[in-house]
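Everything below concerns the one structure shown next.
No lab work stands behind these numbers, since they all come straight from the coordinates. Just so it is clear, the model here is predicted, and its values are computed rather than measured. Using ideal geometry, Cβ is built from the backbone for each residue, glycine included, and neighbour counts are taken over all protein chains shown.
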Amino acid sequence: MDTEMLRRLKPAAGEMRWLEIPWRTDLWAGCREAEAAGRPVFLWAMNGNPLGCV
Amino acid sequence: MAARAAAFSDPEVAALLAAEFVPVAENCSHLQRQQDAEGDLFRLIAEQGHYGGRFQPTDTRQGMYACRPDGTLLGSCNVHGADRLLPVLRRALEGWREGAGARAGAGDGATDGRYRQEPPPGGLALRVWVRDLPRDPEADARPDDWRRRAFNLDHAWFRADEAAALVPEATAGASVAWPEALARRVARFHLIDNVRGEPPMWRDDEVREAEMRSRVREVRGGRVRLDLEGHAALGGLSRWTDDWTGRPQESARSTEARFDGEAEWDVALRRFARFDLVAVGTRVGGTQYNSRGDDPGPAPIGWAWEIADGSLPGDATPPQGFHGRYFQPA
C-alpha cells in the first residue's frame with residue numbers, strides 16, 4: 001500500500017493536541033465526577049460529535 | 001471543527017481544562033433531543049447560555065459551556081479562537097470559586113437508548129481521517145487559512161460477523177469480495193467530503209459503483225496478512241435550504257475513489273490486529289454543511305482508516321451516519 005499517502009492523510013502530532021485534553025464523553029457522568037472532584041464542568045457541544053465528525 | 005485547531009490546541013486552554021475543569025465533549029444534536037436526565041441537564045445548561053431561547057435561523061445549541069455540576073451556568077460562548085475562549089474560562093473559574101460547589105443534577109440515571117451507541121462487541125471500530133490533497137498551485141484558489149489545513153475525523157464500525165466476512169480462506173493468494181452491503185456502506189457513509197463540515201450521507205441510489213476485495217498475501221504466526229483494494233463512485237443532486245437566507249440551494253455532487261490497504265487478521269482471537277486503508281480520489285460539488293461554496297472542485301481528496309484502539313478519547317464515538325440505517329441492508 002501507499003504508506004506515504006497514509007502518513008500524509010493521518011494527522012501530524014501538532015494536529016492532535018485537541019485530543020490530548022482528557023475529554024469525557026458523557027455529560028451526566030461528567031457532572032457526577034465534577035461534584036466528587038469539587039470542580040466545574042466544561043462542555044464542548046457541537047452538532048456532530050466533537051470527537052468525531054463535526 | 002475550526003475550534004479544534006484554534007482553541008483546543010492552545011496550550012493554555014488545554015492546561016486550564018485539564019487542571020481546573022472536568023472536560024466533556026458531546027453531540028448536542030443528540031443531547032437536545034434526548035428524553036432522559038442527561039438531556040434535561042443539557043437543556044437546563046444550554047437555555048441559560050448564548051443561544052438560549054433561539055430558534056432562528058436554527059435551534060442549534062452548539063458551543064462551549066462552563067457550569068456547576070447541577071447545571072448552573074458559569075459562562076458560555078461559541079467561538080473558534082483561544083483568545084476569545086480563555087476569558088470565558090477565567091470568568092467561569094472566578095464564578096465557581098465565589099460560590100459554593102453544587103450537587104449534580106437529580107435523575108434516575110436511565111438513558112435514552114436512541115442516542116447511546118457502543119462499538120459492536122467483538123467487531124471492528126475504525127477511525128476515518130479525511131483531508132484535501134495537494135493541488136496544482138496555479139489552480140488553487142483557496143485562501144491561506146484553516147481551509148487549506150482542514151481535516152476531519154469520523155468512525156466506521158463493523159459487527160463481528162461483518163469483520164470476519166472480510167477475511168478469505170487462510171491460504172496465500174486466496175481472495176474474497178466484500179459483501180455488497182459492506183462495500184456500499186463504506187461508500188455511502190465514509191466517502192463523504194466532510195473535510196470542512198458534516199454533510200449528509202450519500203443515499204443508496206447515489207452509489208454508482210462500490211466494490212471491495214481482500215486478498216491473502218501471507219499466513220504467518222497465527223495471522224493472515226491481507227491486501228485490501230477497491231473502488232467506488234457516487235453521484236447525485238444535492239438539495240437543501242440555506243439556514244440564513246431560507247433560499248433553496250442545489251448542487252450536483254460526486255466522488256470517485258480507489259482503495260488501497262493492508263490488514264492483519266488474528267486467527268485465534270478472530271479480530272483484526274491491524275487495518276490500514278487509504279482511499280484517494282476526486283470530489284465535486286457542495287452540499288448542506290460541507291462549506292464548499294467557495295471550493296466546489298473538482299479537487300483531490302483522501303481518507304485514511306486505522307483501528308480505533310482506545311488510545312484516543314473519542315475512539316468509541318459512533319459513525320456520523322449511524323442514524324441513517326448504517327447497519328441495515330440497502
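Observations on the model:
- Antiparallel content of DSSP bridges confined to the protein assembly as shown, in %, to 5: 90 percent
- Here chain A is described by how far its Cα atoms reach on the three principal axes: 48, 22, 16 Å, from widest to narrowest.
- Three-way shape call for the stretch B:122-307 based on the alpha-carbon gyration tensor, with the a/c threshold at 1.5: prolate
- Separation between Cα centres of chain A and the stretch B:170-218, rounded to whole Å: 27 Å
- Across every direction, the projection of the convex hull enclosing the Cα atoms of the protein assembly as shown has a mean area of 19.9 nm².
- Counting only DSSP H runs of at least 4 residues, each contributing -39500 (n - 2.57), and dividing by the residue count of chain A, the helix-based mean residue ellipticity at 222 nm comes to -9500 deg cm²/dmol.
- Based on DSSP H segments of at least four residues, each scored -39500 (n - 2.57), chain B has a per-residue ellipticity at 222 nm of -5500 deg cm²/dmol.
- For B:LEU133, A:LEU27, B:LEU89, order by how many other beta-carbon atoms lie within 10 Å, fewest first: B:LEU133, B:LEU89, A:LEU27
- Across all directions, the shadow cast by the convex hull of chain B built on its C-alpha atoms averages 19.6 square nanometres.
- Sorted ascending by nearby beta carbons within 10 Å, beginning with the fewest, B:SER76, B:SER238 become B:SER238, B:SER76.
- Using R0 = 56 Å, the C-beta based FRET efficiency linking B:THR171 and B:ARG147 works out to 0.70.
- Relative exposure of B:PHE55, B:PHE327, B:PHE21, judged by other C-beta atoms within 10 Å (fewest first): B:PHE55, B:PHE327, B:PHE21
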